Amino acid sequence: DSYYQKGECLYKLKRYREAKEIFENFIRRFSDNPLAKKAREFLDKINNSSLVTDAKEN
């Protein structure tokens, strides 16, 4: 759960590239976890927008 929360925090901080990586890894490693569905939703938001290409890395 803390790994998922890290992705969510990065998303809220607008660090979309890092969040995307965390969510992808979370889904790959914990696909049976109930939070995998939410991780996919965040990935969809990132992938279906220009968030990653517009993001400034800190």
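Derivation of every value follows stated rules applied to the coordinates shown; laboratory data play no part. Here the structure is a predicted model, which is why all the values come from computation and not from measurement. No Cβ is skipped: glycine too gets one built from the backbone with ideal geometry, and neighbour counts run over all protein chains shown.
The set of residues in the range 1-23 that are in contact with a Leu (Cβ under 7 Å, 6 or more places away or on another chain) and in a helix (DSSP H, G or I) comprises Tyr4, Tyr16, Glu18, Ala19, Lys20, Ile22, Phe23. Cβ separations smaller than 6 Å between residues 6+ apart or across chains give the following pairs from the range 3-18 residues that are over 14 Å from Asn33 (Cβ atoms) to residues that are surrounded by 17 or more Cβ atoms within 10 Å (Cβ to Cβ) and of a type in the set (D, E, K, R): Leu10/Glu18. Within the range 48-57, the set of residues being in a helix (DSSP H, G or I) and surrounded by 11 or more Cβ atoms within 10 Å (Cβ to Cβ) comprises Leu51, Val52. Which residue is surrounded by the fewest Cβ atoms within 10 Å (Cβ to Cβ), if the candidates are limited to the range 15-31 and must be over 11 Å from Tyr4 (Cβ atoms) and not polar (S, T, N, Q)? My answer is Arg28.
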